[in-house]
Amino acid sequence: MGGSSMVELATDLTVREVARAAETVLGRSVQVTPETDIARDLAVDSLALMNIVMELEDRFDLSIPLDRLATVQTVGDLSELINKLRVKA
Amino acid sequence: MSLLDKHLGYRAPLDGIRAAGADPSAVRFDAVLSPTEGMLDGRKVILLGTNNYLGLTFDPACIEASADAVRQWGTGTTGSRFANGTFAGHTALETALAKFYGRKHAMVFTTGYQANLGGISGLVGRGDHLILDADSHASIYDAAKLSGAEVIRFRHNDPEDLAKRLRRMGDAAKGSLIVVEGIYSMIGDVAPLKEMVAIKKEAGAYLLVDEAHSMGVLGEKGRGLAEAAGVEDDVDFIVGTFSKSLGAVGGFLVSDEDNFDLLRIVSRPYMFTASLPPAVIASTLTALKRLEEDSSLRAQLAANADRLYEGLRDMGYAVGPHASPITAVVMPDQATAVMMWNALLANGVYLNLAIPPATPENKSLLRSSVSAAHTAEQIDAVLDIFERLGLEYGLLQRPRRASA
Ligand SMILES: Cc1ncc(COP(=O)(O)O)c(C=O)c1O
């Protein structure tokens, strides 16, 4: 199914951008998959997460309101949120 | 398994700090002697982190007014203004604040924290947009959560970044609320308000300035950064606190907005908490009068701020971008910060240990704030101790005076 693999590809690219944004903010390299738990696996606190989001806003030229992070736990959640906001934008 | 287990990540860092012999959360004063001196374990220490900018906590007129009020009105209001009524002092203070800022309306809250919580959450809600400086105080972040508004952060004190993010928001930028602080509480840096005002006007947004650390400190009349930057007409809302330059506790919101009175029945942090006790209102009212009438306090504060800032900078310490009553000395790492904080305390200087995550850029800071009440001798004593310890711990290269 071409449609679903396109979605997967887009998700893949977004996940990679999340990883790069995290590396910029944290100043260390990170290994992530969509299942990576941002707080637990990456030791990212709420402030660092907000800084990662700011970085992602610039990378995607997109507004990501902080209140939308309430449901974000994994890198996959964050990527999905970004992809959703990109469609809207 | 306990409900507190989720906080266990903080156990090791806290124990580490305690093991180094310091626990800033457990400093216990036997007595406070003046705005600038306290007794710790039978020893006198210089207070250098109290935000007591004008030194009014022991002002005789403030103390008198407070004592009179407690005798006349009792120790507390025992409830909210809505439930238990407004006392004469509440209205007098609101009138005085509105007049001081040249605004139509003022509203007093029980703390500065609640002034942000109640002010901001009363102004924006679900569907509205709130634009925050990334280094905003916790009370502003908590207000954002309580409000339910869509929150966008911009890079600290960066007008271009603010403009970029507003542009990105498109139509939503119009009518959004931008929040900045006059003086930022950790480093003592000041918002580039003129530039931000220009951006806010272009976007059609509202601007709220939290003057917690700048009221009584900046501006010819002490009204804060908006006055100092000459942009008061373009600042829509001002929040402030009574807990710093006014030497008590409480907070306020002032504005010219129509329908301001509605905030009193929609702002939960205003409605559902007891109002300030008469003694606090009375000392605050008197302190505000002192602030307005005695500009020498501000001049003395500025001179003291320069003396401490320049002294530390010239010694070779890494300090903020400009002199301000708040001076933060950047330590190379947290362990050194804890060690220095302990050594300063052992030598009779009490200031704030500021460590991540409460600090910008995860820096470890020794945060100081001077008061108009500090004497030049006290500041010089602090500088001598900083120099001696800096050399001892290898933080400074050379004796300052030898090379001067
Ligand atoms: C910028 C800022 N806003 C608000 C507050 C809250 O004020 P208060 O301590 O009076 O509740 C503080 C200080 O704690 C502050 O630094």
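For the residues B:Asp210, B:Asp171, B:Asp189, the requirement of being over 30 Å from B:Asp59 (Cα atoms) and among the acidic types (Asp, Glu) singles out B:Asp171. Restricting the first member to segment B:12-23 and to residues that are touching a residue at least 60 places away in the same chain (Cβ under 8 Å), and the second to residues that are β-branched (Val, Ile, Thr), the beta-carbon pairs closer than 7 Å and six or more apart or on different chains are B:Ile17/B:Val338; B:Ala20/B:Val338; B:Ala22/B:Val338.
Checking each residue in segment B:121-142 for being within 11 Å of the ligand (Cβ to nearest atom), out of contact with any Lys or Arg (no Cβ under 8 Å at 6 or more places or on another chain) and more than 11 Å from every other protein chain (Cβ to nearest Cβ) picks out B:His137, B:Ser139, B:Ile140, B:Asp142. With respect to B:Asp333, determine if the residue is in contact (Cβ under 8 Å) with a residue 24 or more places away in the chain, charged (D, E, K, R) and open to solvent by 60 Å² or more (accessible area, probe 1.4 Å). Yes.
Candidates in segment B:91-120 are the residues that are among the β-branched types (Val, Ile, Thr) and more than 14 Å from every other protein chain (Cβ to nearest Cβ); of these, the one that is most open to solvent (accessible area, probe 1.4 Å) is B:Thr95. Taking the residues in segment B:164-192 that are within 14 Å of chain A (Cβ to nearest Cβ) and within 12 Å of the ligand (Cβ to nearest atom) as candidates, determine which candidate is nearest to B:Ser147 (Cα to Cα). Applying the filter and picking the extreme gives B:Val179.
Considering every residue within segment B:341-349, establish whether at least one is of a type in the set (S, T, N, Q), touching a residue at least 12 places away in the same chain (Cβ under 8 Å) and surrounded by 19 or more Cβ atoms within 10 Å (Cβ to Cβ). No, because not a single residue in segment B:341-349 is of a type in the set (S, T, N, Q), touching a residue at least 12 places away in the same chain (Cβ under 8 Å) and surrounded by 19 or more Cβ atoms within 10 Å (Cβ to Cβ). Taking segment B:232-245 as the range and being open to solvent by less than 10 Å² (accessible area, probe 1.4 Å) and out of contact with any Leu (no Cβ under 6 Å at 6 or more places or on another chain) as the test, the residues that pass are B:Ile238, B:Gly240, B:Thr241, B:Phe242.
Of the residues screened, B:Gly42 is not one that is assigned by TED's automatic domain parsing to the domain that holds B:Ala343 and touching a residue at least 60 places away in the same chain (Cβ under 8 Å). Identify all residues within segment A:22-45 that are more than 8 Å from chain B (Cβ to nearest Cβ) and under 26 Å from B:Ile131 (Cβ atoms); write none if there are none. Within segment A:22-45, A:Ala22, A:Thr24, A:Val25, A:Leu26, A:Ile38, A:Ala39, A:Val44 meet the criteria. Summed over segment B:344-359, the residues that are modelled with pLDDT under 95 and either over 15 Å from B:Met331 (Cβ atoms) or not assigned by TED's automatic domain parsing to the domain that holds B:Gly21 (or both) give a count of 2. Quick check on B:Thr110: is it among the hydroxyl-bearing types (Ser, Thr, Tyr), within 16 Å of the ligand (Cβ to nearest atom) and more than 14 Å from B:Ser283 (Cβ to Cβ)? Answer is yes for this residue. If you go through segment A:13-67 and pick out every residue that is in a helix (DSSP H, G or I), open to solvent by 20 Å² or more (accessible area, probe 1.4 Å) and over 28 Å from B:Gly170 (Cβ atoms), you end up with 5. Please go through (1) away from chain A (no Cβ under 12 Å); (2) more than 16 Å from the ligand (Cβ to nearest atom); (3) touching a Pro at 6+ places or on another chain (Cβ under 6 Å); (4) of a type in the set (Asp, Glu) for B:Glu227 and return the number of the only condition it doesn't satisfy. The one condition B:Glu227 does not meet is (3). Of all residues in segment B:245-269, how many are hydrophobic (A, V, I, L, M, F, W, C) and in a helix (DSSP H, G or I)? Summing the residues that are hydrophobic (A, V, I, L, M, F, W, C) and in a helix (DSSP H, G or I) in segment B:245-269 gives 5.
The values are calculated or read from the model by the stated rules, or taken from the named source; none is laboratory data. Because the structure is predicted, anything quoted here is derived from the model rather than measured. Note that each Cβ is placed from the backbone with ideal geometry, even for glycine, and that neighbours are counted across all protein chains shown. Just so you know, the surface numbers come from the protein's heavy atoms only, side chains and all, with ligands and any DNA or RNA stripped out. Shrake-Rupley method; radii C 1.70, N 1.55, O 1.52, S 1.80 Å.
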